[in-house]
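Structure first, then comments.
The values are calculated or read from the model by the stated rules, or taken from the named source; none is laboratory data. Being a predicted model, the structure only gives us computed values, none of them experimental. Don't worry about glycine lacking a Cβ; one is built from the backbone with ideal geometry, like all the others, and counts go over all protein chains shown.
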Amino acid sequence: MCTLLMTITPQIAVVGGGPAGLAAAIEAARAGLTVHLYDERPILGGPAYGRAVESTLLAELDAARSRVVLHHGATVWGIFEQRTLALWEGDRAESVRPEAMVLATGAHNRAVPVPGWTLPGVTNAETIRSLLDARALPPGQRVLVAGAGPLLPVVASRLVRAGARVEAILDAAPSPRMPRTLPTSWAQWPLSGDATADWHTLRAARVPLVGSRVVARVVGGPGAREVVTVALDEDWRPARGSEEKIEVEAVCFVWEFVPSIQLSQMCGAEHQYVAERGGWVPLVSSEMETTVPGIFSAGDGAGLGGAAMAVLEGRVAGIAAAARLGALSPGSARSRFRPHHAALAPLRKSRDVLGRLSATRPGLAELITPDTVICPCEGITAARIDQALDEGVGDLGQTKRMTRAGMGECHGRMCSPALAHMIAHRRGIPLEAIAPPSIRPPVTPVPIHVLATLPDE
């Protein structure tokens, strides 16, 4: 049972315990402020970059612990009145109204539906990481890794080191560009460990890396048994007559992540569509401040970039938040900004190169068949979406109301990007013309008794 609503007013609240959130909390604490850091996971580091955090930020956090209040297992499920956080922590429902706020909400997995993608044995990078951490992956299992983006070799190399037999890595990125651009830029894209070691592992295991090719469909009974792959053109449309078959026991899809912008939407910040940064992201200043004064956004939630960029953006946001509250003079803040801005410049150039290569394109929608599941939570297929489009649906909100796609437990996180691609492809319009879905609390499932603690007004 949940206790009555509690209200606290910290100087700075940081939402998210990944690299960006930890870095922001550390810098604000160094400036002499008390920071409350909220993360829904029991272990700090975030789901994607935990190992990168262990080597650097945790020691810094320990040194600043007297000014950082950690809230493990705390779910931020909404923002009210632009800057009041609604929390569920243990047996307490809390209302937090900080003087300044840093949103370091990270990103979530992107789903690109194809026939058979919901079969047992078909999974994603986050699930694979959980299996590897639990040592639950059967040795010798034949796995195909497919998708797009710099995480492909990371996931594949970890599978190889765990004893899996990686049949191939399929990258949707155009093959004429990939060999020349990807390895050089990859070295400047620190994610979660030694990128060079990942490539050495894959070469030693003779894992082929195939560009401009994706999984067209997965065939199987109780689980994956065979995949049909297809070549792509420059717009990621399937090329006729290019199908090939591969026998596998499991398929791991690794697409670029989607920035988690639900909370920045709820606080009223302006957003823009930037394909190379993952899609819709909050508009931020050079100090990572959103269009809402005193609310900052850093890390993958402000645009995909990897662990190194997330740390630097978090440091900038923490310094800027401290300066806004008067804990740092303008001159002192500028001197603290300088090395982080200098380090960010080359990383952002590299991010833009890789982002343009791996940004999903509407041509992938041609792989979808009428019986392909688009919204797994509600069991909605492409046939139902096409019917709604024929009836005049033109945006994600209308699609949700007419088909229930996006009404499930994940609140549309899984299906909204795929729906946007379907609409863009069918209508012949750019993805930026399709606004992100509107967000209402709770942004993540919470028990009903938590909602009952809200004041009547």
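Taking the condition free of Cβ contacts under 8 Å to residues at least 60 places away in the same chain and either surrounded by 18 or more Cβ atoms within 10 Å (Cβ to Cβ) or among the aromatic types (Phe, Trp, Tyr) (or both), does His108 pass?
Details: free of Cβ contacts under 8 Å to residues at least 60 places away in the same chain: no; either surrounded by 18 or more Cβ atoms within 10 Å (Cβ to Cβ) or among the aromatic types (Phe, Trp, Tyr) (or both): yes.
Considered against the rule, which asks whether it is free of Cβ contacts under 8 Å to residues at least 60 places away in the same chain and either surrounded by 18 or more Cβ atoms within 10 Å (Cβ to Cβ) or among the aromatic types (Phe, Trp, Tyr) (or both), His108 comes out as no.
Evaluating Met101 against the criteria (1) surrounded by fewer than 23 Cβ atoms within 10 Å (Cβ to Cβ); (2) closer than 30 Å to Ala31 by Cα leaves one unmet condition, (1).
Looking for something surrounded by fewer than 23 Cβ atoms within 10 Å (Cβ to Cβ), in contact with a Leu (Cβ under 7 Å, 6 or more places away or on another chain), on the phi < 0 side of the Ramachandran plot and at pLDDT 95 or above - is there at least one such residue anywhere in the range 309-327? Yes; the residues of the range 309-327 include at least one that is surrounded by fewer than 23 Cβ atoms within 10 Å (Cβ to Cβ), in contact with a Leu (Cβ under 7 Å, 6 or more places away or on another chain), on the phi < 0 side of the Ramachandran plot and at pLDDT 95 or above. Of all the residues in the range 354-388, those that are touching a Ser or Thr at 6+ places or on another chain (Cβ under 9 Å), among the aliphatic types (A, V, I, L, M) and either crowded, with 18+ Cβ neighbours inside 10 Å or in a loop (DSSP other than H, G, I, E, B) (or both) number 8. With respect to the conditions (1) under 19 Å from the mean Cα position of the chain (by Cα); (2) at pLDDT 95 or above, Thr381 falls short on a single one, namely (1).
Between Thr369, Thr381, the distinction of being of a type in the set (S, T, N, Q) and either in contact (Cβ under 8 Å) with a residue 12 or more places away in the chain or touching a Cys at 6+ places or on another chain (Cβ under 8 Å) (or both) belongs to Thr369 only. Just the residues that are assigned to a loop (DSSP other than H, G, I, E, B) and crowded, with 16+ Cβ neighbours inside 10 Å, please, taken from the range 418-440. Within the range 418-440, Ile434, Pro436, Pro437, Ile439 qualify. Is there a residue being within 20 Å of Gly78 (Cβ to Cβ) and not small (Gly, Ala, Ser) anywhere in the range 104-119? The answer is yes, given that some residue of the range 104-119 is within 20 Å of Gly78 (Cβ to Cβ) and not small (Gly, Ala, Ser).
Can you confirm whether the range 195-203 contains a residue that is surrounded by 15 or more Cβ atoms within 10 Å (Cβ to Cβ), modelled with pLDDT under 95, of a type in the set (D, E, K, R) and assigned by TED's automatic domain parsing to the domain that holds Ala308? No, every residue in the range 195-203 fails to be surrounded by 15 or more Cβ atoms within 10 Å (Cβ to Cβ), modelled with pLDDT under 95, of a type in the set (D, E, K, R) and assigned by TED's automatic domain parsing to the domain that holds Ala308.
Has the range 89-112 got any residue that is in a helix (DSSP H, G or I), under 22 Å from Thr444 (Cα atoms) and either within 20 Å of the chain's Cα centre (by Cα) or of a type in the set (S, T, N, Q) (or both)? Taking every residue of the range 89-112 in turn, none turns out to be in a helix (DSSP H, G or I), under 22 Å from Thr444 (Cα atoms) and either within 20 Å of the chain's Cα centre (by Cα) or of a type in the set (S, T, N, Q) (or both).
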